Amino acid sequence: MNDDPNEDAKIDEIVRSGPGGALALAGIATAIVIGIWFVFYFAVFLPRGVIQ
């Protein structure tokens, strides 16, 4: 283990700042998936017409 108190303080500050980047990345990925779903819906399913 590391006995440097300065490094421990830096790590504590990073952990306290929260998972902002991870949440942003998850939001972007979710937006991309939803966007791809809409593209398929409007470009593939709607042009085929109503199922009878």
Once the dipole of the chain is set up from charges on Cβ (+1 Lys and Arg, -1 Asp and Glu), the residue from the list ALA31, GLY20, TYR41 lying farthest towards its positive end is TYR41
Once you have the Cα-Cα distance between ASP3 and VAL15, take 0.36 nm times their residue separation minus that, and quote the gain in nm to one decimal.
2.5 nm
Treating the angle as unsigned and between 0 and 90°, give the value, to the nearest 10°, between the Cα long axis of helix 5-16 and the longest Cα principal axis of the chain.
30
Taking just the alpha-carbon atoms of segment 5-48, what radius of gyration and Dmax come out, in angstrom?
19.7, 65
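Throughout, read-outs are computed from the coordinates displayed, never taken from laboratory work. The structure presented is a predicted model; accordingly, all values stated were derived computationally and were not measured. Neighbour counts are summed over all protein chains in view; Cβ atoms, including those assigned to glycine, are modelled from backbone coordinates with ideal geometry.
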